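*Asks:* Got a structure for you, questions after.
The values are calculated or read from the model by the stated rules, or taken from the named source; none is laboratory data. Just so you know, these numbers come straight off a predicted model, no measurement behind them. Cβ placement follows ideal geometry from the backbone for every residue including glycine, while neighbour counts extend to all protein chains displayed.
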Amino acid sequence: MAALARVPRVMGIVNVTPDSFSDGGRFDTTETAVAHGRELLAQGADLLDIGGESTRPGATRPLVADELGRVVPVIRELAAGGAVVSVDTMRAEVAEAALEAGATVVNDVSGGLADPRILEVVAGSGATYVAMHWRAHADRMRDFTDYSPDGVVETVRRELAERLDAAVAAGIPGERIVLDPGLGFAKEAPQSWELLAGLNAIATLGCPLLVGASRKSFLGSLLAVDGVARGVDHREHAHVALVALLAERGVDLLRVHDVRATRDALAVVSALGGKNLG
C-alpha cells in the first residue's frame, strides 16, 4: 500500500430542505440545521455544505425567496461561529447572499449552466468555486444519460473542461476551482461506477476533485436484493469502503452525510499508509 499523500478534506452535508433524497425534512429549520452543522463539525468536518434546494431525481425547484430563507440564516450563524461554509446552489442571487453571510465556497452542481451569472458573482468574491458535471435539472436529468459515442468518462471529462474554461473566462482563477464528476446526475448506476474507476482521467484537467457518493442510488443498486435497492439509510457501510479507496486515489474533498464514519475510514487508511501488508 502506497503512503497516503494527503488526507481528503471532509465536507459535511446540511440540507435545509423538506425533500432531499436522504435527510429531507430532518433539518429544515434554522435551529435544527445549525445544530446539525455544529454536530458535524464536532465529528470532524472540515467544512459544511449548506443547501436549500433538493437535486434528487424528479425534484422541483423552490422559489428563490424560499431558498434564500432556508440557507442564509444558517450560513450566517455557522460562519459567525467560525465554521468554513459552502453554499450548495445553482443561483447567482443565492450565491451572492450566501457569500455576504459568510460563505467562502460556492458549490454549483450545474457548473454555471443553470445561471451563468453565478460565475461572475464568484469571480468578484475571492471564493472557491466547485463546478459539477451536470446536464439538466432534477426533473429532467434522467433523459440525458446517453454518453455515446465516447463513453461516460471521456464525455464527462470534455464537458467538465468546458465548464472549467467558462469559469476561468469569467475571472475565477484556476487555483480556486474544484471539479466534481457528478455521480448520479444524469447517470445510470453503471455509469457512476465507470466514472469512479476513471477518476484519473478527470484529474488530468488539473483541478482538485470533489466526490459526492454518500447514500446515492448507485450504492443502493449495488446492494439490491431480489431487484429491490438497499434503502437510503442502509448504504453507509458500502460508502465507507468507497471512501477508503477514494482516499488512496488522491481525491481532495469528500461530500458526506456521516462525518464520523468517514473520519473513521480515513483514520484507518492513514494508519496503514506506507505499510507493507504482505
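*Asks:* Identify all residues within the range 233-242 that are crowded, with 17+ Cβ neighbours inside 10 Å and either touching an Asp or Glu at 6+ places or on another chain (Cβ under 9 Å) or without any contact (Cβ under 8 Å) to a residue 12 or more places away in the chain (or both); write none if there are none.
*Replies:* If the condition is that a residue be crowded, with 17+ Cβ neighbours inside 10 Å and either touching an Asp or Glu at 6+ places or on another chain (Cβ under 9 Å) or without any contact (Cβ under 8 Å) to a residue 12 or more places away in the chain (or both), then Glu236, His239, Val240 are the ones that fit.
*Asks:* Related question: Is it the case, given these coordinates, that His257 is under 27 Å from Gly44 (Cβ atoms) and loosely packed, with under 15 Cβ neighbours inside 10 Å? Please lay out each step first, then the result.
*Replies:* Numbers: under 27 Å from Gly44 (Cβ atoms): yes; loosely packed, with under 15 Cβ neighbours inside 10 Å: no.
Answer is no for this residue.
*Asks:* For residues that are part of a helix (DSSP H, G or I) and buried (at least 17 other Cβ atoms within 10 Å of the Cβ), tally how many sit in the range 200-220. Don't jump to the end; show me each part of the working.
*Replies:* Taking the range 200-220 as the starting set, the residues that turn out to be part of a helix (DSSP H, G or I) are 200-203, 217-220.
With buried (at least 17 other Cβ atoms within 10 Å of the Cβ) added as a condition, the list becomes 202-203, 217-220.
The total comes to 6.
*Asks:* Taking the stated definitions as given, is Asp252 under 14 Å from the mean Cα position of the chain (by Cα), in contact (Cβ under 8 Å) with a residue 24 or more places away in the chain and surrounded by fewer than 22 Cβ atoms within 10 Å (Cβ to Cβ)? Lay out the reasoning, then the answer.
*Replies:* Working: under 14 Å from the mean Cα position of the chain (by Cα): yes; in contact (Cβ under 8 Å) with a residue 24 or more places away in the chain: yes; surrounded by fewer than 22 Cβ atoms within 10 Å (Cβ to Cβ): yes.
Yes, satisfied.
*Asks:* Output yes when any residue across the range 201-215 is of a type in the set (S, T, N, Q) and closer than 19 Å to Ala161 by Cα, and no when none is. Show your work before the answer.
*Replies:* Taking the range 201-215 first, the residues of a type in the set (S, T, N, Q) are 204, 214.
The next check asks that each one be closer than 19 Å to Ala161 by Cα; those that pass are 204.
Checking the range 201-215: at least one residue is of a type in the set (S, T, N, Q) and closer than 19 Å to Ala161 by Cα.
*Asks:* Any residue in the range 248-265 that is touching an Asp or Glu at 6+ places or on another chain (Cβ under 7 Å), among the charged types (D, E, K, R) and either at pLDDT 95 or above or outside any helix (DSSP H, G or I) (or both)? If you could, list the steps in order and put the result at the bottom.
*Replies:* Applying the first criterion (touching an Asp or Glu at 6+ places or on another chain (Cβ under 7 Å)) to the range 248-265 yields 255, 257-258, 261.
Keeping just the survivors that are among the charged types (D, E, K, R) gives 255, 258.
With either at pLDDT 95 or above or outside any helix (DSSP H, G or I) (or both) added as a condition, the list becomes 255, 258.
Yes, the range 248-265 has at least one match.
*Asks:* Looking for whichever is over 24 Å from Val105 (Cβ atoms) and not basic (Lys, Arg) here; the options are Gly171, Gly151, Gly212. Which one fits? If you could, list the steps in order and put the result at the bottom.
*Replies:* Numbers: Gly171 fails: over 24 Å from Val105 (Cβ atoms); Gly212 fails: over 24 Å from Val105 (Cβ atoms).
Criteria check complete, one pass: Gly151.
*Asks:* Select from the range 44-88 the residues that are of a type in the set (S, T, N, Q) and within 14 Å of the chain's Cα centre (by Cα) and list them in ascending order. Lay out the reasoning, then the answer.
*Replies:* Quick first cut of the range 44-88, residues of a type in the set (S, T, N, Q) only: 54-55, 60, 86.
Answer for the range 44-88, where residues must be of a type in the set (S, T, N, Q) and within 14 Å of the chain's Cα centre (by Cα): Ser54, Thr55, Ser86.
*Asks:* Of all residues in the range 1-54, which are at pLDDT below 85, charged (D, E, K, R) and either within 19 Å of Ser270 (Cβ to Cβ) or outside any loop (DSSP other than H, G, I, E, B) (or both)?
*Replies:* Quick first cut of the range 1-54, residues at pLDDT below 85 only: 1-6, 18-28.
Still in the list and also charged (D, E, K, R): 6, 19, 23, 26, 28.
Within the range 1-54, Arg6 is the sole residue that qualifies.
*Asks:* Something else: Determine whether the range 178-191 contains at least one residue that is surrounded by fewer than 16 Cβ atoms within 10 Å (Cβ to Cβ) and among the β-branched types (Val, Ile, Thr). Please lay out each step first, then the result.
*Replies:* Start the filter on the range 178-191 by keeping residues that are surrounded by fewer than 16 Cβ atoms within 10 Å (Cβ to Cβ), which leaves 190.
With among the β-branched types (Val, Ile, Thr) added as a condition, the list becomes none.
There is no residue in the range 178-191 that is surrounded by fewer than 16 Cβ atoms within 10 Å (Cβ to Cβ) and among the β-branched types (Val, Ile, Thr).
*Asks:* Give the range 37-55 a look and list any residue that's surrounded by fewer than 18 Cβ atoms within 10 Å (Cβ to Cβ) and either closer than 24 Å to Met141 by Cα or of a type outside the set (D, E, K, R) (or both), or say none.
*Replies:* Ala42, Gln43, Gly44
*Asks:* Something else now. Just to be sure, is Glu175 of a type in the set (Asp, Glu) and in contact (Cβ under 8 Å) with a residue 40 or more places away in the chain?
*Replies:* On the way: of a type in the set (Asp, Glu): yes; in contact (Cβ under 8 Å) with a residue 40 or more places away in the chain: no.
Judged against the criteria, Glu175 is not a match.
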